[in-house]
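**Q** The structure under discussion is supplied below as structure tokens; questions concerning it will follow.
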């Protein structure tokens, strides 16, 4: 398929610039084959049944954006892509002249970092302070909102661009399908007999990178670290035995599960994935997917087209635009059934 097959017209006013007034007060589009039903996220619990498993991504967004200057006085902006250890990160760096190996950058007027080496488009930075890099980012970094949110970060974003169950630090973008859930909703799901399971996939800034080739088969996916606990593998196995359904909460949870099942059987453990899911992919684990709406020509739009069917997703997006759903990270959600006939 071609990149142009995944384009659609989106009026700019439908791109959500702020979260809803209350967490969970979003709309929900139910998509089951060619059938589309307008609902609200408040109905999500009703869309589950006892014995189902919901798989959440428990990654926590770090304050990954830092501002500083080189010894020459030149301004520098860094976006941490990945924390390598307690003092070293890989980062995107913007400066009038790229820093050279051995060069020092002072961030926020207090934290010195040495540029160690280039790693492709990224820069390896080593912080010289004894403080853990997570503590440095928390003290002096800013939350990295997506590029389509055209405003500065405010205090509300520190909580609203974070899921209520986030715990494993390392993401530079939120797993946004999870932003709709409140503690009360999670309690209702447990009370209904739904199992809540977790994976960790640290979302990188590459999730916002555009596809630059017309033949999508030539696109190279960015790489992300994931971890699947044995408890999640066991929960999914029990659901399979009792007729329960596996619902991925967000494309990141789905990518982690499908990556860990590439050998044919879901396995616990830690790994790195650059899985690129496009129409024709045979899903091995996930039956249903809760997700927000995705950018035109994006790899995530290709993923949901593979999951629910290309024509069904085209129709669902046309419906969402016509009925003025809110799009992207702070927007509304869809609950997708896997297209029938897709072999697990």
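**Q** Which of the residues spanning the stretch 64-89 are at pLDDT below 95, assigned to a strand (DSSP E or B) and farther than 21 Å from residue 153 by Cβ?
**A** 70, the sole residue that qualifies.
**Q** Within the stretch 1-38, which residues are outside any strand (DSSP E or B), under 20 Å from residue 182 (Cα atoms) and either outside the structural domain of residue 279 (by TED's automatic domain parsing) or in contact with a helix residue (DSSP H, G or I) (Cβ under 6 Å, 6 or more places away or on another chain) (or both)?
**A** Answer for the stretch 1-38, where residues must be outside any strand (DSSP E or B), under 20 Å from residue 182 (Cα atoms) and either outside the structural domain of residue 279 (by TED's automatic domain parsing) or in contact with a helix residue (DSSP H, G or I) (Cβ under 6 Å, 6 or more places away or on another chain) (or both): 19, 24, 26.
**Q** In the stretch 259-285, which residue that is without any contact (Cβ under 8 Å) to a residue 60 or more places away in the chain and within 25 Å of residue 30 (Cβ to Cβ) is farthest from the chain's Cα centre (by Cα)?
**A** So, considering only residues that are without any contact (Cβ under 8 Å) to a residue 60 or more places away in the chain and within 25 Å of residue 30 (Cβ to Cβ), the one farthest from the chain's Cα centre (by Cα) is 280.
**Q** May I pose another question? Which residue, of 231, 242, is surrounded by fewer than 17 Cβ atoms within 10 Å (Cβ to Cβ) and without any contact (Cβ under 8 Å) to a residue 60 or more places away in the chain?
**A** Answer to the selection: 231.
**Q** What residue, of 152, 156, is at pLDDT below 95 and not in a loop (DSSP other than H, G, I, E, B)?
**A** That would be 156, the only listed residue that is at pLDDT below 95 and not in a loop (DSSP other than H, G, I, E, B).
**Q** Among residues belonging to the stretch 226-251 that are over 24 Å from residue 174 (Cα atoms) and assigned to a loop (DSSP other than H, G, I, E, B), point out the one that is nearest to the chain's Cα centre (by Cα).
**A** Filtering the stretch 226-251 for residues that are over 24 Å from residue 174 (Cα atoms) and assigned to a loop (DSSP other than H, G, I, E, B), the one nearest to the chain's Cα centre (by Cα) comes out as 245.
**Q** Based on what the data block shows, is residue 38 under 30 Å from residue 260 (Cα atoms), in contact with a strand residue (DSSP E or B) (Cβ under 7 Å, 6 or more places away or on another chain) and either loosely packed, with under 15 Cβ neighbours inside 10 Å or modelled with pLDDT of 95 or more (or both)?
**A** No; evaluated as a whole, the condition is false for this residue.
**Q** Further question on the same structure: State yes or no: is residue 255 in contact with a helix residue (DSSP H, G or I) (Cβ under 9 Å, 6 or more places away or on another chain) and without any contact (Cβ under 8 Å) to a residue 60 or more places away in the chain?
**A** yes
**Q** Considering 292, 312, which residue is buried (at least 21 other Cβ atoms within 10 Å of the Cβ), modelled with pLDDT of 95 or more and over 22 Å from residue 210 (Cα atoms)?
**A** 312
**Q** Can you run down the residue pairs with Cβ atoms below 8 Å, 6 or more apart or on separate chains, where the first is in the stretch 201-217 and surrounded by fewer than 17 Cβ atoms within 10 Å (Cβ to Cβ) and the partner is modelled with pLDDT of 95 or more and part of a helix (DSSP H, G or I)?
**A** Final answer for the pair search is 213/3; 214/3; 214/4; 215/3.
**Q** Farther than 25 Å from residue 46 by Cβ, surrounded by 16 or more Cβ atoms within 10 Å (Cβ to Cβ) and assigned by TED's automatic domain parsing to the domain that holds residue 19 - does that describe any residue in the stretch 176-183?
**A** Checking the stretch 176-183: not a single residue is farther than 25 Å from residue 46 by Cβ, surrounded by 16 or more Cβ atoms within 10 Å (Cβ to Cβ) and assigned by TED's automatic domain parsing to the domain that holds residue 19.
The values are calculated or read from the model by the stated rules, or taken from the named source; none is laboratory data. All values derive from a computational prediction rather than experimental measurement. Because the Cβ atoms are built from the backbone with ideal geometry, glycine has one as well, and the counts that use them run over all protein chains shown.
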